[in-house]
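Okay, structure first, notes after.
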Amino acid sequence: MKLEDLAQAMHGTLTGNNIHYTEISSDTRTLKSGTIFIALKGEAHDGHDFIDAAIQRGANALIVNKNTSKAQDVKVPVIRVEDTTIALGQFAHFWRNQFKIPMIGITGSCGKTTVKSMLGTILELEGPTLVPQSSFNNHFGLPFTLLKLNKDHQFAVLEIGTNHLGDIEYLSKLLSPTHSLITNINPAHLAGLKTVENVAVEKGDIYKYLRADGVAVINADEKYVDLWRSHLSNQRVLTFGLRNADITAVDIVSDFESTQFTLKLLDETVVVKLQVPGMHNVMNALAAASVAVSLNIDKDIIAMGLESFMGVKGRLKRLRTQQGTCLIDDSYNANPASFRAAIDVLSCAQGNKILVMGDMGELGDSSQDFHAEIGQYAKACGIDQLYAIGKLSHFAALKFGEGAKEFEDKKALVNDLTPLLDSKTTVLIKGSRSTKMEEVLAALVS
């Protein structure tokens, strides 16, 4: 492929030599010599300000907005487009269409990354699978992930995220999935989406853009099933859940370390022992298994993949301090549903149980109530102490009552908590991405 083909896919115009396409990057810090630099405009930075740096790093071509004046006298080929973000998506869609393999799109309020990773672990047993390691699920991340597709891949498993109405529609059109899956619907991103019903409508767009011969995987336990089915024509539907579903689980036994259950796959069963705890991970496993069933993967391969899944960094990963304390790292992100699931896991621990809580972001006008509910839930689940940091976590501490402490900075929290660390104590650390609760984890581990 040459730059003229790339320009055509992006509806842009090329000036300069029509060299061969190699790789696209938007980050001058990691850009390799011989790479095409695309100047993307984000919330904090405008890539057009880094054009000179990109050329110094060895960029062999540029993709820029046509109205910029910052690429006038460069000595490399330039593709000019209306909007580089849209152009990136256009090219990613073009590139995606070069591959006739299953492309699984996953969205939902909780569990996207875990389901993606569980499914990826299963599919890797069948053949090379594109599974991004991080949550690259937005207008930038999904296109860059699709551009990693190559001829060796037999499957692709991708997340689709949203903050505002219209995000899922845009990204689903771009991906054009062969399999669409919504993990669940819960209060999340309400600052942009306003209501849980809007979340369900927004997420449901992933079914609208499912390919005509595709498979819709639907959570039968959700109350929005009829809404989502209304987006489908003649596509195959597979349901998962704990009630009246095609793929379900029975005989569930869960403790602090693991979860065992009998996985019912249409007319077959297989026993699975997950190396991760929690009922929410049973649901995640059912979602992943449903896609695998639709791909005609053997039940023993499904069970093997699920049992070899070891969790995802920042999502209920267990570590030990020098004192022997078990730290549960769930610091990647947080919303009310994922907080309750994490507290459920903490409640299964023996000995002293401590919740270190950072704020949950993007919950809109009901933020204070949601935080108060988490404090009340933690107390009801037998959590011994709550360490709260953040203006909103204050309301969790108030509802928790006796045993709660509030802190204005992480250093003070760590200093107060450290003397309590011993082999009989378990500490759960959780908060939204913006709170950077991994800093508390790092301080406690060190």
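The values are calculated or read from the model by the stated rules, or taken from the named source; none is laboratory data. All values derive from a computational prediction rather than experimental measurement. Neighbour counts run over all protein chains shown; Cβ positions are idealised from the backbone, glycine included.
Here ASN67, ASN18 are screened, and the one residue that is over 19 Å from PHE140 (Cβ atoms) and either touching a Leu at 6+ places or on another chain (Cβ under 7 Å) or buried (at least 19 other Cβ atoms within 10 Å of the Cβ) (or both) is ASN18.
How many residues are β-branched (Val, Ile, Thr), over 16 Å from VAL64 (Cα atoms) and touching a strand residue (DSSP E or B) at 6+ places or on another chain (Cβ under 9 Å) if we restrict to the range 16-39? Don't jump to the end; show me each part of the working.
Here is the first cut: in the range 16-39, the residues β-branched (Val, Ile, Thr) are 19, 22, 24, 28, 30, 35-36, 38.
The next check asks that each one be over 16 Å from VAL64 (Cα atoms); those that pass are 19, 22, 30.
Filter once more, so that each one left must be touching a strand residue (DSSP E or B) at 6+ places or on another chain (Cβ under 9 Å): 19, 22.
Of the residues in the range 16-39, 2 are β-branched (Val, Ile, Thr), over 16 Å from VAL64 (Cα atoms) and touching a strand residue (DSSP E or B) at 6+ places or on another chain (Cβ under 9 Å).
In the range 208-240, of all residues being of a type in the set (Ser, Thr, Tyr) and buried (at least 17 other Cβ atoms within 10 Å of the Cβ), the one that is nearest to SER172 (Cα to Cα) corresponds to TYR209. Of the residues making up the range 253-268, those that are outside any loop (DSSP other than H, G, I, E, B) and either more than 20 Å from CYS381 (Cα to Cα) or of a type in the set (A, V, I, L, M) (or both) are VAL253, GLN260, PHE261, THR262, LEU263, LYS264, LEU265, GLU268. In the range 118-166, the qualifying residues are those that are over 18 Å from THR178 (Cα atoms) and among the hydroxyl-bearing types (Ser, Thr, Tyr), and the one that is farthest from the chain's Cα centre (by Cα) is THR121. Any residue at all in the range 93-100 that is part of a loop (DSSP other than H, G, I, E, B), buried (at least 16 other Cβ atoms within 10 Å of the Cβ) and modelled with pLDDT of 95 or more? Checking the range 93-100: at least one residue is part of a loop (DSSP other than H, G, I, E, B), buried (at least 16 other Cβ atoms within 10 Å of the Cβ) and modelled with pLDDT of 95 or more.
Pairs meeting the criteria (first residue in the range 327-347 and within 10 Å of HIS280 (Cα to Cα) and outside the structural domain of ALA378 (by TED's automatic domain parsing), second residue modelled with pLDDT under 95 and part of a helix (DSSP H, G or I), beta carbons under 7 Å, at least 6 apart or on different chains) are lacking. Please find, within the range 285-313, the residue that is surrounded by the most Cβ atoms within 10 Å (Cβ to Cβ) out of those that are in contact (Cβ under 8 Å) with a residue 24 or more places away in the chain and not in a helix (DSSP H, G or I). Selected residue: PHE309. The single condition from (1) touching a residue at least 60 places away in the same chain (Cβ under 8 Å); (2) in contact with a strand residue (DSSP E or B) (Cβ under 7 Å, 6 or more places away or on another chain) that GLY42 fails is (2).
Within the range 1-50, how many residues turn out to be assigned to a helix (DSSP H, G or I) and in contact with a helix residue (DSSP H, G or I) (Cβ under 8 Å, 6 or more places away or on another chain)?
Result for the range 1-50: 3.
Consider the range 130-155 and keep the residues that are touching a helix residue (DSSP H, G or I) at 6+ places or on another chain (Cβ under 8 Å) and closer than 15 Å to LYS100 by Cβ. The one that is surrounded by the fewest Cβ atoms within 10 Å (Cβ to Cβ) is GLN154. When we screen VAL271, VAL250, VAL217, VAL199 for residues that are under 18 Å from the mean Cα position of the chain (by Cα) and assigned to a strand (DSSP E or B), the only hit is VAL217. Need pairs with beta-carbon distance below 8 Å; first residue in the same structural domain as HIS179 (by TED's automatic domain parsing) and over 15 Å from LEU238 (Cα atoms) and within the range 204-215, second among the aromatic types (Phe, Trp, Tyr) and modelled with pLDDT of 95 or more; sequence gap 6+ or separate chains. Once the first residue is in the same structural domain as HIS179 (by TED's automatic domain parsing) and over 15 Å from LEU238 (Cα atoms) and sits in the range 204-215, its partners that are among the aromatic types (Phe, Trp, Tyr) and modelled with pLDDT of 95 or more give GLY204/TYR224; GLY204/TRP228. Taking every residue in the range 123-148 that is part of a helix (DSSP H, G or I) and pairing it with any residue that is basic (Lys, Arg), at least 6 positions away or on another chain, the pairs with Cβ-Cβ distances below 6 Å are LEU146/ARG96.
Which residue out of GLY161, GLY111 is surrounded by 17 or more Cβ atoms within 10 Å (Cβ to Cβ) and on the phi < 0 side of the Ramachandran plot?
Being surrounded by 17 or more Cβ atoms within 10 Å (Cβ to Cβ) and on the phi < 0 side of the Ramachandran plot holds for just one of GLY161, GLY111, which is GLY161.
Residue pairs whose Cβ atoms lie under 7 Å apart, sitting 6 or more positions apart in sequence or on different chains, and linking a residue in the range 424-446 that is under 17 Å from GLY361 (Cβ atoms) to a partner that is aliphatic (A, V, I, L, M) and in a loop (DSSP other than H, G, I, E, B), are ILE429/MET437; LYS430/ALA334; LYS430/MET437; GLY431/ALA334; GLY431/MET437; SER432/ALA334; SER432/MET360. Among the residues of the range 186-193, are any without any contact (Cβ under 8 Å) to a residue 24 or more places away in the chain, over 20 Å from LEU123 (Cα atoms) and not in a loop (DSSP other than H, G, I, E, B)? Looking through the range 186-193, none of the residues is without any contact (Cβ under 8 Å) to a residue 24 or more places away in the chain, over 20 Å from LEU123 (Cα atoms) and not in a loop (DSSP other than H, G, I, E, B).
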